[in-house]
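Visitor: Next up is a structure, given as C-alpha cells.
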Amino acid sequence: MHSDIANIFVIGGTGAQGIPVISALVKDKRYSVRALSRDPDSRRAKSLVALGNVAILEGTFADEAILRAGFRGCDGAYINIDGFNTGEKTEMYWAIRSYEIALEEGVKFFVYGNLDYALKKAGYDSRFRAGHYDGKGRIGEWILFQNQENKRRMGAAVFTTGPYMEMAISARTPMSPSVEDGVVTWRVPLGNGAIPHVALEDCGYYARWLFDHAERANGMDLEVAIEHVEYRQLAAAFERVTGRPAQYIDTDIEAYWSGPLAAAADLPAGYNASPDDKSTMSFRDNFTGFWNIWKYGVIRRDYALLDEIHPNRIKSVEQWLRREDQLGRELGKGGLWERVQPENMVSQAPILKVSEDNRRGRL
Ligand SMILES: NC(=O)c1ccc[n+]([C@@H]2O[C@H](COP(=O)([O-])OP(=O)(O)OC[C@H]3O[C@@H](n4cnc5c(N)ncnc54)[C@H](OP(=O)(O)O)[C@@H]3O)[C@@H](O)[C@H]2O)c1
C-alpha cells in the first residue's frame, strides 16, 4: 500500500498538531499535502506553503462539498477535526462524514487524529467525562470497526495522542505555569496522578511512520506519549534543566476553577457549540473530567511498542525540557526560565491556533 500513497489531504494542518505532522510528511518531498484552512492568509497557512509540496484548500470541514474537494485526487488523509470549535456532538458527525466521504472518493489510507475514549476506559463513570476526549475516542473505535470490512478498499489507522507537553510551558492552557516569588509553579488538580504528555515533534514522526508503513498500520490504534508525567517530576526536571526553582502544587478542583481559568469556566468548551444545547459541555465540566482522567490513572500506554516504532523518541520529560530549552535559545526565544516569565509567555505566539484566534472563527 505504501508506494501508492503520494498526496495527502490534511484537516487541522495549521494547528499545533498539524504543523509538525505536515513538516514530517513533506520534509523529503516523499508526500505532497493539500491542507484545509478557513484562513489561507494566516501566518500559519503561509508557513506551511513555504515548506514546499503543500497547497492550501480554503474552506471548512463542516461542508460536504469541501470535504469532497479535499479528498478527491488524494490517496492519503490525516484528519484532525477541531472539537474546540465544534463541540462534541458536531465533531462526531463531521468525523464520521469525513471517513465516509474519504472512502467514497477513493482515498487509500485514512489516519484519524484521535484521543482516548476515556469514559469507556474508566468504566463509563461520568466523573471521567471530557467531551473533547470521548467525541474523538468513540469515532476512533467506530473507524476501526468499519475498517474490519473496508480495510482493502481504504486502510485506516487511529493515531491517539494526548495533551501536548508544550502546553505546560505556554500561556492560556489548562496547565500554564505561574511564577510565584521567583518559583515556577504549576497549580493543577492532578493529585499524585500523571499526564501521558506527547511531544509535538514526535507526533510528526509517528504520523509519517503510519503512512510509510500503511500495510502494518492498517487497523492499528497507535497510542503515543513521552511518558506518564507526574508534575512533581516536571518541576524537578525543570529545576535540573534551568537551575531555577520550580514547584507543583496539588490544587483542589474548586480552587483551580477560581484561578486564572475562572472567566472561561462557564463558557462552552467548543466556541461554536450552542450554550443552549444541553449536550454542550462547559469548560468546567469538560476539564474537570479531563483532570480526573489523569489524577486517577485511567490511561495506559505501551512504551515498548513506541520504542520499537521510534527508537529515538523523546522518552522523558527531562529530555523534552532540555531539547526545548536548547531549541528556544537557537530560535532566539531565550531559555525556558525566560520563556515562562509571565510577560514573555503572553508575548509569544500561542502554541494553539485556537488561542491565537481568540476562540473565534466560523464553524
Ligand atoms: N491541545 C492538546 O493538547 C491536544 C492534544 C491532542 C489532540 N487535541 C485535539 O486537536 C484538535 C485541535 O487541533 P490542535 O490541537 O492542532 O489545535 P489548534 O492549534 O487550535 O488548531 C486547530 C486546527 O483546526 C482547524 N479548524 C478549526 N475549525 C475548522 C473548520 N471548521 N474547518 C477546517 N479546519 C478547522 C484550524 O484550521 P484553520 O483555522 O486554519 O481553519 C487549525 O488547523 C482538538 O480536537 C483537540 O481536542 C488537542
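Listed here are the residues, each with its yes/no results for (1) of a type outside the set (Lys, Arg); (2) within 19 Å of residue 11 (Cα to Cα).
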site: 109; (1), (2): yes, yes
site: 114; (1), (2): yes, yes
site: 119; (1), (2): yes, no
site: 128; (1), (2): yes, no
site: 133; (1), (2): yes, yes
site: 138; (1), (2): no, yes
site: 143; (1), (2): yes, yes
site: 151; (1), (2): no, no
site: 162; (1), (2): yes, yes
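Visitor: Any residue that is hydrophobic (A, V, I, L, M, F, W, C) and within 9 Å of the ligand (Cβ to nearest atom) - is there at least one of those in segment 73-82?
Guide: Scanning segment 73-82 turns up at least one residue that is hydrophobic (A, V, I, L, M, F, W, C) and within 9 Å of the ligand (Cβ to nearest atom).
Visitor: Using the structure shown, decide if residue 215 is surrounded by fewer than 19 Cβ atoms within 10 Å (Cβ to Cβ), assigned by TED's automatic domain parsing to the domain that holds residue 138 and at negative phi.
Guide: Details: surrounded by fewer than 19 Cβ atoms within 10 Å (Cβ to Cβ): yes; assigned by TED's automatic domain parsing to the domain that holds residue 138: yes; at negative phi: yes.
It is true that residue 215 is surrounded by fewer than 19 Cβ atoms within 10 Å (Cβ to Cβ), assigned by TED's automatic domain parsing to the domain that holds residue 138 and at negative phi.
Visitor: Same structure, new question: Restricting attention to segment 309-363, and to residues there that are polar (S, T, N, Q) and away from the ligand (no atom under 16 Å from the Cβ), which single residue is modelled with the lowest pLDDT?
Guide: Residue satisfying both the conditions and the ranking: 347.
Visitor: Considering only helices (runs of 4 or more DSSP H) fully contained in segment 83-187, which possess at least 2 residues that are within 11 Å of the ligand (Cβ to nearest atom)? Before the answer, list the steps.
Guide: Working: elements: 83-86, 88-104, 118-121, 131-150.
Ranges flagged: 83-86, 88-104, 131-150.
Visitor: While we're on this one: Can you confirm whether segment 117-124 contains a residue that is among the hydrophobic types (A, V, I, L, M, F, W, C), more than 28 Å from residue 351 (Cα to Cα) and surrounded by fewer than 24 Cβ atoms within 10 Å (Cβ to Cβ)?
Guide: Taking every residue of segment 117-124 in turn, at least one turns out to be among the hydrophobic types (A, V, I, L, M, F, W, C), more than 28 Å from residue 351 (Cα to Cα) and surrounded by fewer than 24 Cβ atoms within 10 Å (Cβ to Cβ).
Visitor: I want to confirm something. Restricting to segment 24-37 and keeping residues that are buried (at least 18 other Cβ atoms within 10 Å of the Cβ) and not β-branched (Val, Ile, Thr), which single residue is nearest to the ligand (Cβ to nearest atom)?
Guide: Among them, the one singled out is 37.
Visitor: Looking at 357, 307, 325, can you tell me which residue is out of contact with any Cys (no Cβ under 9 Å at 6 or more places or on another chain) and surrounded by fewer than 13 Cβ atoms within 10 Å (Cβ to Cβ)?
Guide: Details: 357 fails: surrounded by fewer than 13 Cβ atoms within 10 Å (Cβ to Cβ); 325 fails: surrounded by fewer than 13 Cβ atoms within 10 Å (Cβ to Cβ).
Matching residue, one of 357, 307, 325: 307.
Visitor: I need every pair where a residue in segment 48-62 that is not assigned by TED's automatic domain parsing to the domain that holds residue 25 has its Cβ under 7 Å from the Cβ of a residue that is surrounded by 19 or more Cβ atoms within 10 Å (Cβ to Cβ) and among the polar types (S, T, N, Q), sequence separation at least 6 or different chains.
Guide: Cβ pairs passing all conditions: none.
Visitor: Next up: Give 173, 160 a once-over and let me know the one that is under 30 Å from residue 338 (Cα atoms) and either modelled with pLDDT of 95 or more or among the polar types (S, T, N, Q) (or both). Let's see the steps before the verdict.
Guide: Details: 160 fails: under 30 Å from residue 338 (Cα atoms).
Result: 173 is the single residue among 173, 160 that is under 30 Å from residue 338 (Cα atoms) and either modelled with pLDDT of 95 or more or among the polar types (S, T, N, Q) (or both).
Visitor: Helices (runs of 4 or more DSSP H) wholly in segment 218-325 with at least 1 residues that are touching a helix residue (DSSP H, G or I) at 6+ places or on another chain (Cβ under 7 Å) and over 23 Å from residue 122 (Cβ atoms) - which ones?
Guide: Of the helices (runs of 4 or more DSSP H) lying wholly inside segment 218-325, those with at least 1 residues that are touching a helix residue (DSSP H, G or I) at 6+ places or on another chain (Cβ under 7 Å) and over 23 Å from residue 122 (Cβ atoms) span 231-242, 303-309.
The values are calculated or read from the model by the stated rules, or taken from the named source; none is laboratory data. Predicted model only: the values in this text are computed from it and were never measured. For neighbour counting, all protein chains shown are included, and Cβ atoms are generated from backbone atoms with ideal geometry for every residue, glycine included.
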